[in-house]
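The values are calculated or read from the model by the stated rules, or taken from the named source; none is laboratory data. For clarity, every value in this text was computed on a predicted model and none was experimentally measured. We place every Cβ from the backbone using ideal geometry, glycine too, and count neighbours over all the protein chains shown. Keep in mind that these areas ignore ligands, DNA and RNA; they rest on the heavy atoms of the full protein, side chains included. Shrake-Rupley method; radii C 1.70, N 1.55, O 1.52, S 1.80 Å.
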Amino acid sequence: MRIGINLIKGEIQTNEPKDLIVGIDLGTTNSLVGYIHPKYGDTRIVQDEAGDNKLVPSIVHFEPDGSVTVGTQARAQLVSDPTRTIYSVKRLMGKSYKDLIDHKDYFGYQIIDNDKDELVKIRVDDRFFTPIELSAMILRQLKQRAEKALNREVLKAVITVPAYFNDSQRQATRDAGKLAGLEVLRIVNEPTAASLAYGIGLQPDEVKTVAVYDLGGGTFDVSILHIENGVFEVLATNGDTFLGGDDFDRLIINQWTTDNKLPLKRFTSDAYKSIQQAMRLNAEEAKIHLSQHPNYISSTEQGQFNLSRQQFEEMIQPLVAKTIGCCKAALEDAKLTTANIDEVVMVGGSTRIPYVKQSVASFFGKAVHDNLNPDEVVALGAAIQADILAGNQKDMLLLDVTPLSVGVETIGELMDVIVPRNSRIPIRAARQYTTQVDGQANMKIAVYQGERDLVKNNRKLGEFDLKGIPSMPAGLPKVEIAFIINADGIMQVRAKELRSGVEQSITVQPQYGLTEEEMGQMLLESIQNAAADMQVRSLQEAINEGSQLLATAQRFISQQTAYLSPTEIADTQTYMNTLNEVLTSQNKDLIHQHIEALNEFTRPFAERVMDKAVAQAMKGKQV
Ligand code: AMP
């Protein structure tokens, strides 16, 4: 560590980064907060004060007097005070009552249903809470925990969400962070964080396809990621939001109930609840024990609760097979096979079960990553992401949306936007273009940033030539221009002629050198000039269309002379001349009018030529 002296303040200063950004795994069942130790540089998960628990149960309990507890203390109230104990809030994020109808029995507390399309609220006594507020309570607890452990204020965080979360669920998570007093620098996909925890995707030139298998207590999901140049792209996700270790516990309970012929129905409801709860704890204990040992034996008041690993594996086999089915479906969606998967990462407490590990490893045909604690992997990865953000890349503006549109110049100096402003990054977007001239071997690709219709009013970021396009008639080459922007806003532009595979690329830093004011100014100008820009664009588009039609008509006349009379050729030429003249008229309606006229006039000829060609082809067939 370097130490300096601040001569103005007369204080000793260390080079500790000013920002300590934590990584938060805001889970359905448990949440964790991780960070990279400022001094030792290792990744750590914050523990509770006693130093024996890293998981904070994602549970909020309201006392009758309105005071709130979060975490382990709240979980203790689940059975005794179910209507005031809120769990699984993550399942409600960004959801309306209509979204939840099928699963409403799952929740032991009251969800408001008077407006089925509105975002849900939860009722506790006479108070109403949004899932955002409840999540904020959990986040506040994590923030406090981190502050105590680190002995400093924590104001910034990265929060993870499932890859399948949509925009409103992501926004809700962001809002919860804000409400908890955290600046949420980035929302990161859980599978991305899990990969980062294993160091996958940290090398700038790494290209990998990764499967992340996440089996927790109540949910299962699998994600297929493609990692290239530090961009993590989610190719596919699949899963079951109601499948997990809790289901395994239930299967064990059913087995013991049958084994001991327990007359559960005869108990009063309170006694039933407490027996169920005790059996649930026992079943979970058995399951965890069997991850290490071949047999579990226990005598209880209710009877003999025994289970062998083999029995357990037979019991859960159909559910594990279901998760493998989801992996298959995800691969199909990503148009990949298991052979394309380079790494398999295991996440979630239930992946500790040896049978689960074996099943996943045998399906993908390779060893899985399971060295790290599967409960902590996501938070560890979030901490790494946070550290990258806190890090030393001072010349980069860190963004998670593109502040201005980026695109390429097309004919007539028009801006063709490929990634619109406010797109979430990382992102990959592509569009296909073609050539204007027969045999065209080079294509200039000029990249611009800004909102105006004409490139001259935008900011040029770079330019390159795609060279060596094999000779083809105009319109035949398929040039794909792809923009790949990584999480730090670094953009790579790639042009590839798809028929021949010829390829070129450049890397640009779109935000570099632009201050927020300049960006604001660019946006303002685009709004002020919107009407004028639109006119310029539509005029230019009419000119482009006219020029293209002239080229096609010219080709038609020279190639099909045999099928046309001299008058027809001469008249077509006249229509063409007029169109050519009005192209410079600055009058888009006039241009359209003459495009239409030339089209109308030549249509019967084109049809005639087509008929002849068809007849010719038919003749050829009959021979
Ligand atoms: P998570 O939601 O990722 O925290 O996973 C919690 C689930 O993992 C619960 O169903 C736990 O019972 C289960 N679990 C935790 N440890 C083990 C273990 N050693 N063997 C089997 N399941 C476990």
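Quick notes on this one:
- Neighbour-limited loop hits for trypsin sites (Lys or Arg not before Pro), the range 280-360 (at most 15 other Cβ within 10 Å; DSSP other than H, G, I, E, B): 335
- When only alpha carbons are used to place a centre, the range 525-550 and the range 29-83 end up 58 Å from one another.
- On the beta carbon distance between residue 603 and residue 168, with R0 = 35 Å, the FRET formula returns roughly 0.10.
- Per-residue packing, averaged as other Cβ atoms within 10 Å, sorts the ranges 291-299, 38-46, 56-64, 69-77 into the order 56-64, 69-77, 38-46, 291-299, beginning with the highest.
- If R0 equals 60 Å, the separation of the Cβ atoms of residue 431 and residue 273 corresponds to a calculated FRET efficiency of about 0.50.
- Derived scalar couplings ³J(HN,Hα) [the range 130-140; Karplus, 6.51 cos²θ - 1.76 cosθ + 1.60; whole Hz; x for Gly, Pro]: 8, x, 5, 5, 5, 5, 4, 5, 5, 5, 4
- Helix axis angle, 530-559 relative to the chain longest principal axis, alpha carbon, degrees: 60
- Annotation for the range 181-282: GluC sites (Glu not before Pro) lying in DSSP loop with at most 14 further Cβ atoms inside 10 Å of their Cβ are 206.
- Between helix 354-364 and the chain: long-axis angle, C-alpha atoms, 0 to 90°, nearest 10: 10
- Distance histogram for the chain (every C-alpha pair counted, 20 angstrom bins, percent rounded to whole numbers): 15, 39, 27, 15, 4, 0
- Volume per residue that the Cα convex hull of the range 301-356 spans, once the total is divided by residue count, Å³: 115
- Additional length obtainable on full extension of the chain from residue 40 to residue 338, 0.36 nm per residue less Cα span: 103.4 nm
- Excluding ligands, DNA and RNA, the accessible surface per residue across the chain is 50 Å² with a 1.4 Å probe.
- Contour excess over end-to-end distance, with Cα ends at residue 529 and residue 207 and 0.36 nm allotted per residue: 111.7 nm
- Alpha carbon Rg of the range 245-312, scaled by the compact-globule rule 2.2 N^0.38 Å: 1.07
- GluC sites (Glu not before Pro) within the range 111-158: DSSP coil, no more than 13 neighbouring Cβ in 10 Å: 118, 153
- Carbon and sulfur %, accessible surface of the range 445-556 computed with the full protein complex present, 1.4 Å: 50
- All aspartates and glutamates inside 15 Å of residue 328 as judged from Cα atoms, apart from same-chain residues fewer than 8 positions distant: 214, 221, 240
- From the C-alpha gyration tensor of the range 532-618, square roots of 5λ in Å: 29, 13, 9
- Legend: calculated FRET efficiency, residue 259 to residue 367, from the Cβ-Cβ distance at R0 = 41 Å, rounded to 0.05, equals 0.65.
- Rounded tilt (10° steps) of 167-179 against the dominant C-alpha axis of the chain: 50
- Computed label-point distance, nm, for sites residue 48 and residue 144 using a 7 Å Cα→Cβ extension: 1.3
- Label separation (residue 102 vs residue 559): 5.3 nm, computed from points 7 Å beyond Cα along the C-beta direction.
- Alpha carbon centroid spacing (whole Å) that separates the range 98-133 from the range 424-462: 48
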